[in-house]
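Down below is the structure, laid out as structure tokens.
The values are calculated or read from the model by the stated rules, or taken from the named source; none is laboratory data. Because the structure is a prediction, the values reported are computed rather than measured. In this analysis, Cβ positions are derived from the backbone assuming ideal geometry, glycine residues included, and neighbour counts consider all displayed protein chains. These area figures cover heavy atoms from the full protein model, side chains too; ligands, DNA and RNA do not enter into them. Shrake-Rupley method; radii C 1.70, N 1.55, O 1.52, S 1.80 Å.
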Amino acid sequence: MSLSGLIVITLFTFVFLLVKRAPLWIWFVVTLLVTFIYQSGLYQLPGNTVVAIENYWNNFGIVDIALWLPALIFGALSTPLIRKRIFTGPVFTLISSILPKISETEQEALDAGTTGWDAELFSGKPDWDKLRSVPKMKLTEEEQAFLDGPTNELCAMLKDWEIRQGLNDIPEHIWNFIREKGFFGMLISKQHGGLGFSAQAQSLIVGKVSACSPDVGVCVMVPNSLGPGELIEKFGTEQQKRQYLESLATGNDVPCFALTGPTSGSDAATMRDIGIVCCQQYNGIETLGIRISWEKRYISLGPKATLLGLAFRAFDPDHLLGDNEDLGITCALIPANHEGVEIGRRHQPAGCAFPNGPNWGEDVFIPIDWVIGGKERVGQGWRMLMSCLAVGRAISLPASSASATKQLLRVTTAYARIRKQFGIPIGHMQGIEEPLARMAEAAYITEAARAVTASMVVAGDKPAVISALLKYQSTEWMRKSVNDAMDIHGGRAICDGPKNYLIGAYSALPVSITVEGANILTRTLIVFAQGALRSHPFLYDEIKAVENPDRKQGLKQFDKVLMNHLGFISSNMAGALLHNLTGGCFASAPKDIAGTKGWYKQLARNCKNFALIADMTVGLLGGGLKVQQQITGRLADALSELYLISCMLKRYEDDGAPECDRKVLDHAITNALYRFQVAIKGVIQNFPVKSVRPLLSLLIFPFGARANPATDVKGRKIARSVLIPGELRDNLTRHLYRSLSRSHPVGLLDLTMKMSIEVEQLEKKLDRAVRKGTVRRFHGNDWLKEAVEKQVLSEKEADQLREYDQLVSEAISVDHFDAEEIKRQIPSTDVSILKQPMTSKVA
């Protein structure tokens with residue numbers, strides 16, 4: 001064998017060992033063997049082993065000792081006692097001295113929820129069985145009946161314009177219907193008087209209602225999301241459950257949860273709302289309780305609430321509860337009519353009509369029993385909130401966002417089909433086809449992610465990282481779809497009135513972007529920054545080992561985890577290079593049941609790339625990761641694309657691989673992989689440690705960044721397909737309320753679109769006659785009558801077109817009002833009746 005042959009075999013062996021994460025003792029044996037074969041010349045004398053060995057020992061020198069160093073190093077590192085002394089021990093000491101301490105609120109956020117598919121993506125080697133084991137979307141008979149019955153009834157009652165502009169409030173008959181049918185109690189168990197619906201059912205119900213009226217959607221959403229009902233169900237005392245849950249489920253009590261204040265939003269550690277543990281007379285009895293002062297704002301349902309959930313920071317200066325003075329964030333239940341509680345006037349969030357406003361109180365005394373969970377739960381509020389948010393954030397806003405993107409696609413495709421410019425439907429113009437294809441992509445992605453994530457929750461997951469990712473991504477896709485729909489509709493979109501079916505979503509969009517963690521913060525500080533700690537296979541265990549007060553046990557744990565972590569890094573480097581050199585040909589994929597094996601391979605390949613660059617980022621930036629928010633934002637984008645691709649593949653398989661959906665799936669995944677590449681490339685180009693950039697580029701883009709977005713031709717095919725009523729359009733807009741009533745703006749569009757297909761050939765016949773000058777299509781001339789007289793059309797055909805023209809005229813018309821009719825009373829800004837800032841006593 002030649003020397004080059006030995007080198008090639010050695011390289012392949014090393015790559016194999018790296019990819020398979022071989023233990024150190026195997027590396028020791030292999031390097032020992034390779035070194036001996038090379039230095040003895042055995043590869044040149046395969047038949048003369050004894051002679052080769054004799055020659056080697058006779059000529060052994062200092063240079064030979066140096067060549068044995070790699071084998072000796074692997075030998076030393078494979079021995080735990082030596083390894084701890086020369087390597088992991090010093091590293092353990094160094095990290096202990098420089099690692100910033102995780103704050104209490106950060107720790108509780110990290111401990112909340114569970115990891116699932118996000119951990120598989122961070123691992124770089126996803127287990128496809130775990131994805132496929134997520135149950136298919138399924139409702140019980142009772143849930144389906146509620147969706148088809150009361151939910152549709154509610155949707156039929158909703159008049160968005162009346163709610164948004166006529167009343168600027170939710171009509172009382174809507175509140176009553178919501179109460180009577182149990183919408184407030186979907187989350188609450190049947191045992192406590194609620195409906196006990198699954199997360200999937202809640203998601204579909206909230207989505208269907210939100211698509212008809214975002215304001216009423218919020219009123220259904222809030223009681224079934226983060227708030228008193230969920231907190232009491234999970235953490236409340238038995239007395240609190242008996243006292244409140246049935247009342248909340250039936251709507252006799254309307255809940256709100258007051259968390260955000262003027263100076264504290266996502267940064268709960270800066271909360272200035274305080275409660276002092278004390279004893280005080282209450283109802284004539286000396287009572288242990290808490291005296292609270294607070295100021296909150298942006299509280300949804302606040303002005304309508306009868307039961308206030310309140311978050312504040314508890315202090316125990318007299319040590320009535322124990323040795324600690326700062327007890328931490330605490331959650332309590334306070335009736336809105338309790339003495340000292342002030343419910344403020346209403347905010348007007350982006351012109352929306354759902355109740356939202358401030359509340360405050362100064363030195364308000366509550367018995368200790370009003371703390372959610374009782375005295376034992378004082379100081380555990382943030383942990384409780386994060387636990388609930390891990391689930392709630394995965395349901396409500398993704399549901400409303402998915403339904404909005406689907407509704408926007410449905411109305412916009414109908415409008416683009418019936419609205420003509422230059423003699424053709426505007427949907428056939430390439431400038432319109434591009435946003436239409438993007439809207440179809442958005443509808444497919446958001447519904448796939450909504451359904452799969454809700455199924456994860458049904459299966460028992462509490463996906464903290466995924467819920468943050470999904471809230472951010474789904475609302476951003478909704479933003480794109482709203483803007484595309486507005487652009488395509490043009491003047492039809494901006495003229496508000498009863499006929500306008502877009503302004504409601506347009507107005508509510510900023511609220512969705514902002515609540516439950518503003519997207520700009522969620523993207524840069526939560527998805528990757530916390531996700532890396534929560535979902536990384538080794539990082540969190542390393543931190544826990546370093547923070548272990550038992551240094552000996554901590555070092556033992558750290559040694560084990562660090563060596564696994566180093567093997568993980570090496571494996572990802574080798575695997576990334578291998579898969580990127582071969583285009584993912586050797587990447588893993590599950591059994592091909594839907595013709596999607598190629599996409600699975602590309603997903604696996606890019607999971608390896610993500611795992612590599614995520615690990616390098618965390619390892620090299622360490623505690624500085626928090627301030628590198630442009631880097632973490634791009635990594636959040638990359639992780640998001642991997643998750644969304646996973647959901648799309650799961651949806652396609654669960655739906656039975658419908659042929660009509662395939663072009664949308666391919667289009668969406670192609671674009672997702674391109675966006676992933678853009679995000680990763682941005683990380684590499686701006687990586688703070690400049691010396692690492694060439695290495696990352698070599699490993700991830702050995703031939704350059706070669707992914708491209710989907711072609712215009714494929715986008716046009718999708719746009720043309722959704723302009724025709726049929727299976728694809730219905731699949732992309734499923735789970736929406738559908739009306740075929742001519743008096744309903746969306747129903748009118750669907751009726752008109754359907755008829756446009758029926759009269760398409762008649763229109764073409766008439767258009768040809770108009771172009772030839774045979775028929776004059778002007779105001780003041782009955783061109784259809786003229787077409788009959790000149791035998792261009794039959795009487796029956798003219799009647800069909802006359803009916804269609806009337807439908808089109810109604811569908812594209814806009815509202816107009818008398819000036820006095822649309823004047824609105826300006827709310828009072830008299831400073832004497834406005835809430836004044838709290839005094840320094842509260843702060």
Every residue from the range 74-90 that is touching a helix residue (DSSP H, G or I) at 6+ places or on another chain (Cβ under 7 Å), in a helix (DSSP H, G or I) and at pLDDT 80 or above: P80, I82, R83, K84, I86, F87, T88, G89
Those residues of the range 407-429 which are basic (K, R) and assigned to a helix (DSSP H, G or I), in sequence order: R410, R417
Exactly one of K597, K626 is at pLDDT 95 or above, on the phi < 0 side of the Ramachandran plot and basic (K, R), and that residue is K597
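Residue by residue, here is whether (1) at pLDDT below 90; (2) assigned to a helix (DSSP H, G or I) holds:
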position	(1), (2)
K785	no, yes
K796	no, yes
D815	no, no
E821	yes, yes
I826	yes, no
Taking the range 163-196 and keeping residues outside any loop (DSSP other than H, G, I, E, B), surrounded by fewer than 16 Cβ atoms within 10 Å (Cβ to Cβ) and of a type outside the set (A, V, I, L, M) leaves G166, E172, H173, N176, E180, K190, Q191
Has the range 116-126 got any residue that is modelled with pLDDT under 90, touching a strand residue (DSSP E or B) at 6+ places or on another chain (Cβ under 9 Å) and not charged (D, E, K, R)? yes
Of the numbered conditions (1) within 28 Å of the chain's Cα centre (by Cα); (2) open to solvent by 40 Å² or more (accessible area, probe 1.4 Å); (3) at pLDDT below 90, R132 satisfies every one except a single condition; which is it? (3)
State the number of residues belonging to the range 730-772 that are part of a helix (DSSP H, G or I), polar (S, T, N, Q) and open to solvent by 70 Å² or more (accessible area, probe 1.4 Å). 1
Scanning the range 793-824 residue by residue, the ones that are under 24 Å from V746 (Cβ atoms) and either among the β-branched types (V, I, T) or surrounded by fewer than 10 Cβ atoms within 10 Å (Cβ to Cβ) (or both) total 5
Of all residues in the range 492-533, which are under 27 Å from S123 (Cβ atoms), part of a helix (DSSP H, G or I) and open to solvent by less than 40 Å² (accessible area, probe 1.4 Å)? N519, T522, T524, I526, V527, A529, G531, A532, L533
Taking the range 574-615 and keeping residues buried (at least 19 other Cβ atoms within 10 Å of the Cβ), more than 24 Å from F528 (Cα to Cα) and in contact with a Gly (Cβ under 9 Å, 6 or more places away or on another chain) leaves G584, A587
Selected residue [part of a helix (DSSP H, G or I) and surrounded by fewer than 19 Cβ atoms within 10 Å (Cβ to Cβ)] from K138, K234: K234
Within the bounds of the range 243-255, is there any residue that is in contact (Cβ under 8 Å) with a residue 12 or more places away in the chain, closer than 17 Å to E362 by Cβ, touching a strand residue (DSSP E or B) at 6+ places or on another chain (Cβ under 7 Å) and crowded, with 17+ Cβ neighbours inside 10 Å? no
Identity of the residue in the range 683-712, in contact with a helix residue (DSSP H, G or I) (Cβ under 6 Å, 6 or more places away or on another chain) and closer than 16 Å to V618 by Cα, that ends up most open to solvent (accessible area, probe 1.4 Å): R693
